[in-house]
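*Asks:* Before we start, here is the structure in question, set down as structure tokens.
The values are calculated or read from the model by the stated rules, or taken from the named source; none is laboratory data. Note that the coordinates shown come from a computational prediction; the quantities given were computed from them, not determined experimentally. Cβ placement follows ideal geometry from the backbone for every residue including glycine, while neighbour counts extend to all protein chains displayed. Just the protein is used for accessible areas: all its heavy atoms, side chains included, with ligands, DNA and RNA removed. Shrake-Rupley method; radii C 1.70, N 1.55, O 1.52, S 1.80 Å.
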Amino acid sequence: MYGEQKPARPAASAAAGGRATPQPLAGFTVGVTAARRAEELGALLLRRGAVVQHAPALRIVPLPDDTELFAMTRELIEHAPDVVVATTAIGFRGWVEAADGWGLGEALLERLRGAELLARGPKVRGAIRAAGLTEEWSPASESMAEVLDRLLEEGVDGRRIAVQLHGEPLPGFVEALREGGGEVVGVPVYRWMPPEDIAPVDRLLDATVARSLDAVTFTSAPAAASLLERAKERGLLDEVLDALRHDVLPACVGPVTAMPLEAHDIATAQPERFRLGPLVQLLCVELPGRVRPLPVAGRRLEIRGHAVLVDGELRAVPPAGMALLRSLARRPGWVVSRAELLRALPGAGSDEHAVETAMARLRTALGAPKLIQTVVKRGYRLALDQGPETKYGND
């Protein structure tokens, strides 16, 4: 697994008029909390130009080693269910494979053939058919709410219903079935536990608090809950919540995943389709949309998370330079004193010469020294182009 990954190549392709077209996530850093399919999500982000910081907030107990699943499989074989609700393809396949490894595969399949088998979506349907079974019904919406409506409409009183759990909470689902008189049996096809190495999670939390991440992605509710729990253990919960509410975009694959965050009044971004591809496409729209382009010295300046786009060309800027540039951009065109810029420098002391050194390196990194003007004895300012909406004064 990877920790922090940078895009293989900085990206900009020639477009009409000679202006470069950058990759949509160029200059942004995205945190990945997933344990399962993390490589796939990371690759999608990297291909679009992002720097990826991976910190699996949980680990998955291998199915063949899960004594709880073994015990539940034996119970279902001995006491057949009337209904089986399959929720994820990987979980269903893993369950059948684990049962086969325990010598219970044929007995489990026989029980499943005799039950009303419901599949949450097309992927689960495929896993069911690959096992030689046939589902009775699957909702077009891939929604557990629609599955619940069907079961309650059929009537569940006195029926034994096995629900394949997948590490996500199923709010109201089990309770509603039990209130309707059903006997609900949870099948824990894989279990979540804290990661063996907590250091990557701590680094991700520190990066969130420092606002050196632009977004954090969540693909399961347990991962979101685990991350917040670790922040609480370290005494960082309030700071992490503040960062996620205001500066670091929390992007969730769907509404169930978002629940632990929204319980803390954190607004999340979610794609219309609950898949990794749409989640990445959402970031490709949301993160660039948060950046306000500035017309500076005849150039188009976009200040992104860890880099700057100058006329569409990605320019890597050191942290000290980014701190100065952000201070100048808060009041574009206005003079910012050396004393104020000194306070913005990470780890700066009291010598204003540090500002001059960092400013010289910033100008070199930008490749266009005229973007920042020196105002003698006063400080620096962005050379904002004047127009109807960009007229500025002299502080």
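*Asks:* Going by what's in this entry, would Arg304 be described as open to solvent by 40 Å² or more (accessible area, probe 1.4 Å), within 30 Å of the chain's Cα centre (by Cα) and under 21 Å from Asp214 (Cα atoms)?
*Replies:* So Arg304 does not fit the description; no.
Residue-by-condition table, conditions (1) surrounded by fewer than 16 Cβ atoms within 10 Å (Cβ to Cβ); (2) in contact (Cβ under 8 Å) with a residue 60 or more places away in the chain:
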{"residue": "Glu196", "(1), (2)": "yes, yes"}
{"residue": "Asp206", "(1), (2)": "yes, no"}
{"residue": "Thr217", "(1), (2)": "no, yes"}
{"residue": "Val240", "(1), (2)": "no, no"}
{"residue": "His264", "(1), (2)": "yes, no"}
{"residue": "Gln270", "(1), (2)": "no, no"}
{"residue": "Leu276", "(1), (2)": "no, yes"}
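*Asks:* Quick one: Gln281 ticks every box in (1) surrounded by 15 or more Cβ atoms within 10 Å (Cβ to Cβ); (2) closer than 20 Å to Glu142 by Cβ; (3) in contact with a helix residue (DSSP H, G or I) (Cβ under 8 Å, 6 or more places away or on another chain) bar one, so which box is it?
*Replies:* Failed condition: (3).
Yes/no per residue for (1) at pLDDT 95 or above; (2) under 22 Å from Trp192 (Cα atoms):
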position: Arg74; (1), (2): yes, yes
position: Thr88; (1), (2): no, yes
position: Ala98; (1), (2): no, yes
position: Gly101; (1), (2): no, yes
position: Arg111; (1), (2): yes, no
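*Asks:* Would you check which residues across the stretch 64-95 are crowded, with 23+ Cβ neighbours inside 10 Å, among the aliphatic types (A, V, I, L, M) and within 30 Å of Leu279 (Cα to Cα) and list them?
*Replies:* Within the stretch 64-95, Val84, Val85, Ala86 qualify.
*Asks:* Is there a residue being farther than 24 Å from Pro293 by Cβ, open to solvent by 80 Å² or more (accessible area, probe 1.4 Å), out of contact with any Phe, Trp or Tyr (no Cβ under 9 Å at 6 or more places or on another chain) and modelled with pLDDT under 90 anywhere in the stretch 382-392?
*Replies:* There is no residue in the stretch 382-392 that is farther than 24 Å from Pro293 by Cβ, open to solvent by 80 Å² or more (accessible area, probe 1.4 Å), out of contact with any Phe, Trp or Tyr (no Cβ under 9 Å at 6 or more places or on another chain) and modelled with pLDDT under 90.
*Asks:* Here's another thing I want to ask about it. Scan Arg150, Arg120, Arg129 and give me the residue that is basic (Lys, Arg) and surrounded by 20 or more Cβ atoms within 10 Å (Cβ to Cβ).
*Replies:* None of the others qualify; the one that does is Arg120.
*Asks:* What are the residue pairs meeting all of these: first residue in the stretch 297-315, first residue under 19 Å from Thr29 (Cβ atoms), second residue aromatic (Phe, Trp, Tyr), Cβ atoms under 7 Å, and 6 or more apart or on different chains?
*Replies:* Every condition considered, the pairs that remain are Arg304/Phe28; Gly305/Phe28.
*Asks:* Need the failing condition index for Gly379 against (1) under 18 Å from Ile303 (Cα atoms); (2) buried (at least 18 other Cβ atoms within 10 Å of the Cβ); (3) at pLDDT 90 or above, just the number.
*Replies:* (1)
*Asks:* Read through the list (1) at pLDDT 95 or above; (2) in contact with a His (Cβ under 8 Å, 6 or more places away or on another chain); (3) of a type in the set (A, V, I, L, M), then give the number of the only condition that Val201 fails.
*Replies:* (2)
*Asks:* Could I ask something else about it? Kindly indicate whether any position in the stretch 276-289 is in contact with a Phe, Trp or Tyr (Cβ under 7 Å, 6 or more places away or on another chain) and on the phi < 0 side of the Ramachandran plot. Before you say what the answer is, go through the steps one by one.
*Replies:* As a first pass, look at the stretch 276-289 and keep what is in contact with a Phe, Trp or Tyr (Cβ under 7 Å, 6 or more places away or on another chain): 287.
Filter once more, so that each one left must be on the phi < 0 side of the Ramachandran plot: 287.
Taking every residue of the stretch 276-289 in turn, at least one turns out to be in contact with a Phe, Trp or Tyr (Cβ under 7 Å, 6 or more places away or on another chain) and on the phi < 0 side of the Ramachandran plot.
*Asks:* While we're looking at this one, here's another question. Could you check how many residues of the stretch 284-300 are of a type in the set (Lys, Arg) and either surrounded by 18 or more Cβ atoms within 10 Å (Cβ to Cβ) or part of a strand (DSSP E or B) (or both)?
*Replies:* 2
*Asks:* Let me ask something additional. All but one of (1) outside any helix (DSSP H, G or I); (2) over 30 Å from Ala231 (Cβ atoms) hold for Arg74; which doesn't?
*Replies:* If we test Arg74 against (1) outside any helix (DSSP H, G or I); (2) over 30 Å from Ala231 (Cβ atoms), just (1) comes out false.
*Asks:* Can you confirm whether Leu314 is buried (at least 18 other Cβ atoms within 10 Å of the Cβ) and out of contact with any helix residue (DSSP H, G or I) (no Cβ under 9 Å at 6 or more places or on another chain)?
*Replies:* Yes.
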